[in-house]
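A.B. asks: Below you will find the structure I want to go over with you.
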Amino acid sequence: MKNKFKYSRFRFHFPFRGRGWGRGSSMGWVWGFLLLFSCTHLQPTSKNTFHLNLSSGYLESIDPAFAKFQYMIWIDHMVYNTLVETDEHMHTIPSLAKSWDVNPTGLTYTFHLRNDVYFHDNAIFENGKGRKMTAYDVAYSFYRLIDPKTASSGAWIFNGHVAGKNPFIVVDDTTIQINLNTPFRPLPELLTNAYCNIVPEEVVEHWGKDFRNHPCGTGPFMFSYWDEGNTLNLLKNPHYWEHDGTGVQLPYLDAVQISFVDSKATEFLLFMQGKVDFVNGIDGSFKDLLFLKDGTLRKEFRNKFHLDKGAYLNTEYIGFLTDTTLPEMQNEPTANPLFRRAINYAINRRKIITYFKNGLGIPATQGFIPAGMPGYNSNATYGYNYDPAKALQLLAEAGYPNGKGLKPINILTQDNYVDIVNFVATELQEAGIPTTIEVMQPNILKQQMSRSKAIIFRAGWFADYPDAETFLVVFNSHFPAPPNYTRFSDPTFDKWYSESLNMPDTQRWQLYQKMDSLVMSYAPVLPLYYDELLHFTQNNITGFRSNAMNLIDLKMVKKN
């Protein structure tokens, strides 16, 4: 196959947030419900089955070629494997590939595969027994991803990166080469993406589009039963190739049972009943009930379950259209970098975290790269702290002393961020900048941003893989919107971006920080906060692992 296909590599992220994050909601019914369960002795429903709920209420597919949403990624991670994966410390580690190397030009990566990995038993295989996974399966999976007949939402993984001719070469059963058209040192990190899970050709070709509900992989759990919208059952793979440090075969669990209750509030109540073993995040109505303003758990809940908080590779921000050649930008004050910098200094990000997030998050004062990402600089001085005096100074330098002569600026947002955007508007008003907000449906807002019709907009950007390039590409002028919704353009930034793609990790991260600093000096964005994960597990669960990309791993889980 030839790689002639052009797909958008980028996805705009509207991370789920439940309504009710604002102040003043009634909590009486929640208190009563939780007090009831706090006094009830709960019996485990099944000793060695992990119970998980997907609050989306549905699952589109278990075909990794369409793994575009978080819950699909979770399930795919249970059923399949990638060549390399990301551990809980955000390190890229071997999986199906034992090792890999890159040639001096940076154009050819060679991956050396394990020789002891088998696909799940499946009726399509000879005698129904899972066959050995080889480099041919890797090549098939990757070619399938860029084949327009597949129409995969993950074609961006390779399009624009791999060579147009012979991008994937099978050297032998355990060796595969990936040839690039230009160097891209974050390739191993890119291959951790769920789109890159390996599938068997004969099973995929037999089922065609119905492979979505007849999955077959090499992962720790294998498909058993799916009643769409109600329940999905996965069973332990008895032939799984991974073992723990003492040589015991993984996974420890016998099964994973997934439900589809489409309410975060109900999901948490089920968790308090012991009917769900894990909850990712909470509905806004529980925020004040569970947490103090500093983000600590209230004492009455501290022994009820286990809570893990950690960095989440997501930056929430307000973006400014910066392309002054557009008719929409004529006479717009945000066309002036001094004005955008004044806005950045006018916002008290700590108050956003305290009063709207109950301490759950990190004020985004160190640039656009989020906390937890390799390349993030916790000591950076190129971000923006709250400094009203500096905001007024820059406002005057921009030609608007104390806001004189300013017409109202308008911030576009979706409805479940209205409380935070209202706070931003209030802060700007106090700085002398008249501000209005306009609420839009997420799909309409995305269209406006993609068409460069949104002059000021609230957005979020989440990492597709564990390398800061996935955040900095947002400002590369050679890319359209998405990802470059602000239409930021700077030749020095573009030069550094190109240079970074063929640098070793440490040097690349240092250059990433220079790029982040340069962007912040022009302030095409107002970073608000770096997100944090909330993971609740029952007290009888051990071995649960996750990372800053919110990828959960159940291989080592035990139910005591």
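A.B. asks: Could you please let me know if Tyr317 is hydroxyl-bearing (Ser, Thr, Tyr) and either not in a helix (DSSP H, G or I) or not assigned by TED's automatic domain parsing to the domain that holds Trp509 (or both)?
C.D. replies: Against the criterion (hydroxyl-bearing (Ser, Thr, Tyr) and either not in a helix (DSSP H, G or I) or not assigned by TED's automatic domain parsing to the domain that holds Trp509 (or both)), Tyr317 qualifies.
A.B. asks: Would you be able to say whether some residue in the range 344-359 is without any contact (Cβ under 8 Å) to a residue 12 or more places away in the chain and exposed (fewer than 15 other Cβ atoms within 10 Å of the Cβ)?
C.D. replies: no
A.B. asks: Further question on the same structure: Which one is surrounded by the fewest Cβ atoms within 10 Å (Cβ to Cβ) among residues in the range 211-260 that are polar (S, T, N, Q) and farther than 16 Å from Asn81 by Cβ?
C.D. replies: Thr246
A.B. asks: To continue, here is another question. Does the range 295-306 contain at least one residue that is at pLDDT 95 or above, touching a strand residue (DSSP E or B) at 6+ places or on another chain (Cβ under 7 Å), crowded, with 17+ Cβ neighbours inside 10 Å and in the same structural domain as Ile369 (by TED's automatic domain parsing)?
C.D. replies: Scanning the range 295-306, I find no residue that is at pLDDT 95 or above, touching a strand residue (DSSP E or B) at 6+ places or on another chain (Cβ under 7 Å), crowded, with 17+ Cβ neighbours inside 10 Å and in the same structural domain as Ile369 (by TED's automatic domain parsing), so the answer is no.
A.B. asks: Can you tell me which of (1) in contact with a strand residue (DSSP E or B) (Cβ under 8 Å, 6 or more places away or on another chain); (2) over 24 Å from Ala548 (Cβ atoms) is the one Thr322 doesn't meet?
C.D. replies: Failed condition: (1).
A.B. asks: Right, something else. Considering Tyr386, Tyr376, Tyr382, which residue is over 30 Å from Asn547 (Cβ atoms), surrounded by 16 or more Cβ atoms within 10 Å (Cβ to Cβ), out of contact with any strand residue (DSSP E or B) (no Cβ under 8 Å at 6 or more places or on another chain) and hydroxyl-bearing (Ser, Thr, Tyr)?
C.D. replies: Testing whether each residue is over 30 Å from Asn547 (Cβ atoms), surrounded by 16 or more Cβ atoms within 10 Å (Cβ to Cβ), out of contact with any strand residue (DSSP E or B) (no Cβ under 8 Å at 6 or more places or on another chain) and hydroxyl-bearing (Ser, Thr, Tyr) leaves just Tyr386.
A.B. asks: Applying the selection to the range 144-170, what residues are under 21 Å from the mean Cα position of the chain (by Cα) and of a type in the set (A, V, I, L, M)?
C.D. replies: Leu145, Ala155, Ile157
A.B. asks: Look at Val279 and say whether it is in a strand (DSSP E or B) and β-branched (Val, Ile, Thr).
C.D. replies: Taking the combined requirement at face value, the residue satisfies it.
A.B. asks: State the number of residues belonging to the range 428-487 that are in contact with a Gly (Cβ under 6 Å, 6 or more places away or on another chain) and closer than 14 Å to Pro524 by Cα.
C.D. replies: Residues that pass the stated criteria total 4.
A.B. asks: Against the condition assigned to a loop (DSSP other than H, G, I, E, B) and among the β-branched types (Val, Ile, Thr), how does Val171 come out, does it pass?
C.D. replies: The answer is no for Val171.
A.B. asks: Could you list all residues from the range 317-333 that are touching a residue at least 12 places away in the same chain (Cβ under 8 Å) and within 21 Å of Phe479 (Cβ to Cβ)?
C.D. replies: Within the range 317-333, Tyr317, Ile318, Gly319, Phe320, Leu321, Thr322, Asp323, Leu326, Glu328, Met329 qualify.
A.B. asks: Of (1) assigned to a helix (DSSP H, G or I); (2) surrounded by 21 or more Cβ atoms within 10 Å (Cβ to Cβ), Asn402 satisfies all except one. Which?
C.D. replies: With (1) assigned to a helix (DSSP H, G or I); (2) surrounded by 21 or more Cβ atoms within 10 Å (Cβ to Cβ) applied to Asn402, the lone miss is (2).
A.B. asks: Any residue in the range 374-391 that's within 13 Å of Gln510 (Cβ to Cβ): show its pairings with residues that are hydrophobic (A, V, I, L, M, F, W, C) at Cβ separation under 6 Å, as long as the two are six or more apart or on different chains.
C.D. replies: Pro374/Trp509; Gly375/Ile369; Gly375/Ala468; Gly375/Trp509; Tyr376/Ile369
A.B. asks: Quick check on the range 10-33. Is at least one of its residues outside any loop (DSSP other than H, G, I, E, B) and modelled with pLDDT of 95 or more?
C.D. replies: No; the residues of the range 10-33 include none that is outside any loop (DSSP other than H, G, I, E, B) and modelled with pLDDT of 95 or more.
A.B. asks: Still on this structure, please answer the following. Hey, does the range 113-127 have a residue that's outside any loop (DSSP other than H, G, I, E, B), surrounded by 18 or more Cβ atoms within 10 Å (Cβ to Cβ) and either modelled with pLDDT of 95 or more or not small (Gly, Ala, Ser) (or both)?
C.D. replies: Yes, the range 113-127 has at least one match.
The rows are residues; the columns are (1) under 22 Å from Pro183 (Cβ atoms); (2) without any contact (Cβ under 8 Å) to a residue 12 or more places away in the chain; (3) in a helix (DSSP H, G or I).
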position: Phe479; (1), (2), (3): yes, no, no
position: Lys495; (1), (2), (3): yes, yes, yes
position: Met503; (1), (2), (3): yes, no, no
position: Leu511; (1), (2), (3): yes, no, yes
position: Lys514; (1), (2), (3): yes, no, yes
position: Asp531; (1), (2), (3): no, no, no
position: Leu534; (1), (2), (3): no, no, no
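A.B. asks: The conditions are (1) surrounded by fewer than 21 Cβ atoms within 10 Å (Cβ to Cβ); (2) at pLDDT 95 or above; (3) not in a loop (DSSP other than H, G, I, E, B); (4) not hydrophobic (A, V, I, L, M, F, W, C), and Arg341 fails exactly one of them. Which is it?
C.D. replies: Arg341 satisfies every listed condition except (1).
A.B. asks: Check Ile282, Ile258 and return the single one that is closer than 20 Å to Ser55 by Cα, outside the structural domain of Asp116 (by TED's automatic domain parsing) and hydrophobic (A, V, I, L, M, F, W, C).
C.D. replies: Ile282
The values are calculated or read from the model by the stated rules, or taken from the named source; none is laboratory data. Predicted, not measured: the structure shown is a model, and the values here were computed from it. Quick reminder, even Gly has a Cβ in these numbers, built from the backbone with ideal geometry, and neighbours come from all protein chains shown.
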